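For reference, the structure discussed in these notes is given below.
The values are calculated or read from the model by the stated rules, or taken from the named source; none is laboratory data. Just so it is clear, the model here is predicted, and its values are computed rather than measured. Please note: Cβ atoms are built from the backbone with ideal geometry, for glycine as well, and neighbour counts cover all protein chains shown. The protein model used for the area step is the full one, side chains on, heavy atoms only, and it has no ligands, DNA or RNA in it. Shrake-Rupley method; radii C 1.70, N 1.55, O 1.52, S 1.80 Å.
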Amino acid sequence: MNLVKEGLIDKGLYINQTAELEQSTHQCQQQIKQINSNNTDNANNLEDFRDLLR
């Protein structure tokens with residue numbers, strides 16, 4: 001935002017790039033949630049397998 005205020009970059013470019021970064025951030029957060037869910041599922045499956053072995 002400081003670059004826009006100082007006139008070093010165009011406001012439209014700033015808005016466009018900010019939107020792209022926000023979208024990318026959202027996608028990364030969704031991927032993290034999916035990975036965490038998969039890890040939880042894997043841990044539960046491992047525990048079930050251990051119980052079967054016992």
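A few points about this structure:
- Rounded to the nearest 500, the helix-only mean residue ellipticity at 222 nm of the chain stands at -30500 deg cm²/dmol, with each DSSP H run of n ≥ 4 adding -39,500 (n - 2.57).
- Note on Asn45 and Thr18: the extension gain reaches 5.7 nm, defined as 0.36 nm multiplied by sequence separation minus the Cα-Cα distance.
- Whole-percent carbon and sulfur share, accessible surface of the chain, 1.4 Å: 52 percent
- Computed with a 1.4 Å probe over protein heavy atoms only, the accessible surface of the chain comes to 92 Å² per residue.
- Charge dipole of the chain (Cα centre as origin; +1 on each Lys and Arg Cβ, -1 on each Asp and Glu Cβ, all else neutral): 80 debye, rounded to the nearest 20.
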